[in-house]
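Participant: Quick one: this structure, given as structure tokens, is what I'll be asking you about.
The values are calculated or read from the model by the stated rules, or taken from the named source; none is laboratory data. No experiment lies behind these values; they were computed from the predicted model shown. With ideal geometry, Cβ positions are generated from the backbone for all residues, glycine too; neighbour counts draw on all protein chains shown. Surface accessibility is based on the protein's heavy atoms, side chains included, excluding ligands, DNA and RNA. Shrake-Rupley method; radii C 1.70, N 1.55, O 1.52, S 1.80 Å.
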Amino acid sequence: MKPRIIVCGLGRTGFKVFCLLKEQNARVVGISDSPLQPEHLPHASDIIVGNPRSEQTLLEAGITDSQTLVLMSGDDALNLAILAQARVLNSHIRIVNRLFNNSLGRRLDRTLPDHVSMSVAELAA
């Protein structure tokens, strides 16, 4: 069975990551805090609309059985809030975290097990 991946934050970048994972036949579920346009939903059944910080939304997405959580919000504080809730529900989940604060990302990578931060600015450089 393929590992289950959750992508939180289906903005422009997050949605592209979600679609790329689907194209690779990954078992992926997306969480969006607002409804997406119907013409952009080739995989609508795999997208949950709800508060990504919410325990209920994360449970509905299958957080307890997932191996990886990809945090793609453009808001560092939101990504951290989702990270904290996700680790309460699944302490062993691998987290890939999009952060704009490079120093925070490096500290989290050193402190948290199975955490990788991806800084947009560092990747561009």
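Participant: Filter region 42-74 for residues that are touching a helix residue (DSSP H, G or I) at 6+ places or on another chain (Cβ under 9 Å) and among the charged types (D, E, K, R); which is least open to solvent (accessible area, probe 1.4 Å)?
Facilitator: The qualifying residue least open to solvent (accessible area, probe 1.4 Å) is ASP46.
Participant: Determine which single condition LEU99 fails, assuming it passes every other condition in (1) open to solvent by 20 Å² or more (accessible area, probe 1.4 Å); (2) on the phi < 0 side of the Ramachandran plot.
Facilitator: Here LEU99 meets the rest and fails (1).
Participant: Could I ask something else about it? Got a number for residues in region 50-70 being over 10 Å from ALA86 (Cα atoms), more than 13 Å from the chain's Cα centre (by Cα) and touching a residue at least 12 places away in the same chain (Cβ under 8 Å)?
Facilitator: 3
Table: residues versus (1) closer than 23 Å to GLY50 by Cβ; (2) of a type in the set (A, V, I, L, M); (3) in a strand (DSSP E or B).
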{"position": "LEU69", "(1), (2), (3)": "yes, yes, yes"}
{"position": "GLY74", "(1), (2), (3)": "yes, no, no"}
{"position": "LEU78", "(1), (2), (3)": "yes, yes, no"}
{"position": "ALA81", "(1), (2), (3)": "yes, yes, no"}
{"position": "ALA86", "(1), (2), (3)": "yes, yes, no"}
{"position": "SER91", "(1), (2), (3)": "yes, no, no"}
{"position": "ASN97", "(1), (2), (3)": "yes, no, yes"}
{"position": "GLY105", "(1), (2), (3)": "no, no, no"}
{"position": "ASP109", "(1), (2), (3)": "no, no, no"}
